[in-house]
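Everything on this sheet refers to the single structure shown next.
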Amino acid sequence: MEMSRIGPQLLARLLDEHGPALELFARQWCQNPADVVQDAFLQLIRQRTLPDNVAGWLYHVVRNGAITAARSTERRRRHETTAAQLHDHWFDPTSTVPLDTEAVTQSLAELPLDQRETIVAHLWGGLSFEQIAVLTDTSTSTAHRRYQAGLAALKKTLGAPCQKNRSTNES
């Protein structure tokens with residue numbers, strides 16, 4: 001290929017020719033292959049001159065990006081797990097009901113955004129209800145109500161007794 005900046009027609013052709021295969025290639029390492037491929041094409045656009053072997057260059061960049069994305073995801077998962085272990089448990093640890101983390105994650109995802117946001121900000125973020133009220137542009141009592149409603153919904157969905165958080169009486 002000619003050593004020049006990439007034009008829209010060439011970019012479209014390269015995307016059509018290599019995009020799906022690059023996405024499949026990236027899927028070996030990461031859960032967001034489309035993002036990795038998009039980043040590779042953005043890097044290609046930023047090149048002053050086209051690489052001699054554009055396809056090889058794209059595969060190299062996608063491979064490195066996918067591995068980096070996978071490492072980042074794993075690192076984030078470890079940090080989130082560690083952070084979750086540092087905070088009070090949502091559920092009574094003496095409960096005979098085993099906690100299914102996938103079910104909890106799914107139930108949390110199904111909550112209305114305002115309740116989910118409040119629960120995550122309070123339990124994992126350590127924010128007070130006053131801080132959450134400022135963050136969400138509501139009153140402290142609304143933040144507290146959302147928290148309580150979200151925990152009640154989780155309790156109902158999961159059938160597990162929710163632990164009373166020490167800070168639920170904060171105002």
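The values are calculated or read from the model by the stated rules, or taken from the named source; none is laboratory data. Remember, predicted model here, so these are calculated numbers, not experimental data. Please note: Cβ atoms are built from the backbone with ideal geometry, for glycine as well, and neighbour counts cover all protein chains shown. Only protein heavy atoms, including side chains, enter the accessible area calculation; ligands, DNA and RNA are left aside. Shrake-Rupley method; radii C 1.70, N 1.55, O 1.52, S 1.80 Å.
Computed from phi, the 3J(HN,Hα) profile of segment 60-73 under the Karplus parametrisation 6.51, -1.76, 1.60 (θ = phi - 60°) reads 4, 5, 5, 4, 4, x, 5, 5, 4, 4, 5, 5, 4, 4 Hz, with x in place of Gly and Pro. Backbone geometry of segment 76-82 corresponds, through the Karplus equation with coefficients 6.51, -1.76 and 1.60 at θ = phi - 60°, to 3J(HN,Hα) couplings of 4, 4, 5, 5, 5, 5, 4 Hz, x marking Gly and Pro. What segment 1-57 shows is 66 Å² of accessible area per residue, with the surface traced by a 1.4 Å probe over protein heavy atoms.
Each residue, LEU42 and LEU11, gets one label point 7 Å from its Cα in the Cβ direction; the gap between the two is 1.2 nm. Put simply, when 30-42, 101-113, 132-144 are sorted by average Cβ atoms within 10 angstrom per residue, most first, you get 30-42, 132-144, 101-113. Net charge dipole, segment 14-68: roughly 180 debye, given to the nearest 20, about the Cα centre with Cβ charges of +1 for Lys and Arg and -1 for Asp and Glu.
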